[in-house]
Amino acid sequence: MKMTDREIIEILVAYDATESVYAAARIVGCDPKTVRRYVAARDAGRPVTGPSRRSRLADAYAEKIEEWVDRSEGHISAVRAHERLVRMGFTGSERTTRRVVAETKSRWQSGSRRIFRPWVTEPGLWLQCDWGPGPLVPGPDGEPRRTALFSAWLAWSRYRVVIPCRDRTLGSLVCCLDATLTALGGAPTYLLTRLRQEGGARHPDVVAVGRHYGMKVRTCVPHDPEGGGTQAGVRVAAADLTPTDADLRPEYASFAELQAACQEFGQWFNGQVRHWQGQRPDAAPEGAGEPEVERRRAQAQAATPTERLLIERTRLHPLPPAPCVLGLGQQATVSETDTVVHDGTRYAVPGPLTGAQVWLRAARGELAVVADLAALAHRPAHLVGADGLTEIARYRTPSRGASRNGTR
């Protein structure tokens, strides 16, 4: 039986007086569900006398579905959308997803599209990276010098990788990206970074590196209508993801010690239990109290980045068999005496690496030796735990006119 406007007002007045659904229902003489329905409509700003729409499980993912429909120009199927939602924690049925996708496509085709939306992450889509200042480490000449920290993180799982570097050149960037993707177990769809010209790493070069691994390089925050979105997004990586003074010491005795400290920091961060928004908890038993519902919600949202990486890894693209060698320098083969020759000078590399292929890059009076650890049968002891392209040694090159005989 439909209630009159006067009866509806009496329900709302009774609820305001008691702030209890059951007490208001006893005062007015109706079902508690009726009181809850009218109160929810009023709190949501809907007309209490008009037709009401119950909330659906897919409402929390409506903005993400709108993004998929807009990005695919209305061609995404409900089956694929449902598979993606399940990976994001959706527990509803495929029928619910099909209905929401159909409604979203109808609005998209009619021209009522949402142009600006908040950034709702999904597995396997975004990898963000940036540089940050690092501690002091003795250089090849023995003098302490400032290092750089490469920080990368997957937007959905929050899995973080921190790699120390001696410079910010294109070769170092290629090494860091290859090592990061190897640690992640695949490549996402987009690489979000800041447009830089420093260190010789131009934007076209970064685009070429991303193309090699099947990633599209973006230099702006997705769906951000405000200007300067790139800088705002990268500040997240620089301020929140780069280890601070509380995480790393201001100075280290060797570069290998700094590498071990960064690996230890990454393992600690990725092993911390964190709470995530947008996860749907398991349904609580009928009649369960509010504490039980909250406990199940907290349990569903608690996970470590390492655990979420296992889910996100199913959406990452496979890596190419060979790494990108752009900016790494000339290729050389390590001799039986674990040495390489560059510009008439022989340099010893940390062995055993006999017969291994390495890359030699000279810059600013120094020679960097890079190796693909994934292709090595035996890796140096100080690089245990690392993977992918890694700088294994750095030397000072002899000055012009100096003797070039002997081994450095």
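The values are calculated or read from the model by the stated rules, or taken from the named source; none is laboratory data. Not measured: the values here are computed from a predicted model. Every residue, glycine as well, gets a Cβ built from its backbone with ideal geometry; the counts of neighbours run over all protein chains shown.
Under 7 Å by Cβ, and 6 or more places apart or on different chains, what pairs join a residue from the range 311-325 that is touching a residue at least 24 places away in the same chain (Cβ under 8 Å) and not assigned by TED's automatic domain parsing to the domain that holds residue 83 with one that is aromatic (Phe, Trp, Tyr) and surrounded by 17 or more Cβ atoms within 10 Å (Cβ to Cβ)?
Between residues of the range 311-325 that are touching a residue at least 24 places away in the same chain (Cβ under 8 Å) and not assigned by TED's automatic domain parsing to the domain that holds residue 83 and residues that are aromatic (Phe, Trp, Tyr) and surrounded by 17 or more Cβ atoms within 10 Å (Cβ to Cβ), the close pairs are 312/156; 319/213; 320/213; 324/213; 325/359.
Tell me which residues, restricted to the range 335-355, are part of a loop (DSSP other than H, G, I, E, B) and modelled with pLDDT of 85 or more.
Hit for the range 335-355 is 335, nothing else.
Does residue 376 count as modelled with pLDDT under 80 and within 27 Å of residue 162 (Cβ to Cβ)?
yes
Looking only at the range 87-122, count every residue that is under 25 Å from the mean Cα position of the chain (by Cα) and modelled with pLDDT of 90 or more and tell me the total.
0
Could you list all residues from the range 180-203 that are modelled with pLDDT under 90 and either under 14 Å from residue 387 (Cβ atoms) or among the basic types (Lys, Arg) (or both)?
Residues satisfying the conditions are 194, 196, 202.
Just to be sure I understand, how many residues within the range 164-190 are surrounded by fewer than 24 Cβ atoms within 10 Å (Cβ to Cβ) and over 28 Å from residue 254 (Cβ atoms)?
The qualifying residues number 5.
Residue pairs, Cβ under 6 Å, 6 or more apart or interchain, first in the range 79-92 and on the phi < 0 side of the Ramachandran plot, second outside any loop (DSSP other than H, G, I, E, B) and charged (D, E, K, R). List them.
Cβ pairs passing all conditions: 82/94.
Which residues, taken from the range 1-17, are under 15 Å from residue 37 (Cβ atoms), of a type outside the set (Phe, Trp, Tyr) and at pLDDT 85 or above?
Result: 10, 11, 12, 14.
Would you point out which residue out of 100, 161 is over 29 Å from residue 257 (Cα atoms) and buried (at least 22 other Cβ atoms within 10 Å of the Cβ)?
Only one candidate qualifies: 100.
This table checks each residue for (1) surrounded by fewer than 19 Cβ atoms within 10 Å (Cβ to Cβ); (2) more than 24 Å from residue 181 (Cβ to Cβ); (3) charged (D, E, K, R).
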position	(1), (2), (3)
327	no, no, no
330	yes, no, no
336	yes, yes, yes
346	yes, yes, yes
356	no, no, no
365	yes, yes, no
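Exactly one of (1) in contact with a Pro (Cβ under 9 Å, 6 or more places away or on another chain); (2) farther than 30 Å from residue 87 by Cα; (3) among the small types (Gly, Ala, Ser); (4) surrounded by fewer than 21 Cβ atoms within 10 Å (Cβ to Cβ) is unmet by residue 134. Its number?
With (1) in contact with a Pro (Cβ under 9 Å, 6 or more places away or on another chain); (2) farther than 30 Å from residue 87 by Cα; (3) among the small types (Gly, Ala, Ser); (4) surrounded by fewer than 21 Cβ atoms within 10 Å (Cβ to Cβ) applied to residue 134, the lone miss is (4).
Looking only at the range 357-364, decide whether some residue is closer than 29 Å to residue 187 by Cβ, outside any helix (DSSP H, G or I) and touching a helix residue (DSSP H, G or I) at 6+ places or on another chain (Cβ under 6 Å).
Scanning the range 357-364, I find at least one residue that is closer than 29 Å to residue 187 by Cβ, outside any helix (DSSP H, G or I) and touching a helix residue (DSSP H, G or I) at 6+ places or on another chain (Cβ under 6 Å), so the answer is yes.
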